[in-house]
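Note sheet for the following structure.
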Amino acid sequence: SQGYIDMVETDENTYEVSQIRDAMQRMETIIDDTLELFGESEEVSEEEMNEVSLGDIASAAWENVETNQSNLKVVDAVEIECSEKRSMRLFENMFRNAVEHNNGSVTVFVGEYSSVDSSTRGEKSTGFYIADNGVGIPEEKRDSVFNLGETYSDSGTGLGLSIVERIATGHGWDISVQSGPSDGAKFIFM
């Protein structure tokens, strides 16, 4: 398709052809995200699970995302048990979401999250978080950010956080959303 567009482009129709290119890129993104969404619906098998450094997987995923001068700060380099391949996609989608849904550059923080559950007599639960210091997510929208097709961006497909939720569910993780540093967003995986 791209070859045909290049063939018909002239000096007189550059704007129109750029509109077609943008529409084709958007369609390709939606198709890729849809395929990824349905590919992540299965539970992670025991064979896929490994101990992986949270810092290593976050850093590797960061390298795969257009960060627009944003920064990654690994607060805790703890080990997590996960499918490295599928978790990589989770981190990439989370990072892409943080960068694309904020005005200007942000700092993304990754670290260990611990909580004490009073209903289980002080049992400690440990997971991890991904947070940013951007504009955050209004409290009334936090429950809907994982809904299929939900987006607050002109360029978003509304599939990125749905994919994240499916990957997390496949690992047996629950996700919650809170205010992050400087009123940004904080996603907790337990």
Those strands (runs of 3 or more DSSP E) lying entirely in the stretch 46-110 with at least 3 residues charged (D, E, K, R) and modelled with pLDDT of 95 or more: none
Flag if residue 65 is under 18 Å from residue 187 (Cβ atoms), open to solvent by 40 Å² or more (accessible area, probe 1.4 Å) and among the β-branched types (Val, Ile, Thr): no
Residue in the stretch 159-167 that is modelled with pLDDT of 80 or more, acidic (Asp, Glu), within 25 Å of residue 78 (Cβ to Cβ) and open to solvent by 50 Å² or more (accessible area, probe 1.4 Å) present: yes
Which numbered condition residue 175 fails, given (1) touching a Lys or Arg at 6+ places or on another chain (Cβ under 6 Å); (2) hydrophobic (A, V, I, L, M, F, W, C); (3) modelled with pLDDT of 90 or more: (1)
Which listed residue is closer than 25 Å to residue 74 by Cα, out of contact with any Asp or Glu (no Cβ under 9 Å at 6 or more places or on another chain) and at pLDDT below 85, from 121, 142: 142
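The values are calculated or read from the model by the stated rules, or taken from the named source; none is laboratory data. Just so you know, these numbers come straight off a predicted model, no measurement behind them. All Cβ positions, glycine included, derive from the backbone under ideal geometry; neighbour counts span all protein chains shown. Heavy atoms of the whole protein, side chains included, go into the accessibility calculation; ligands, DNA and RNA do not. Shrake-Rupley method; radii C 1.70, N 1.55, O 1.52, S 1.80 Å.
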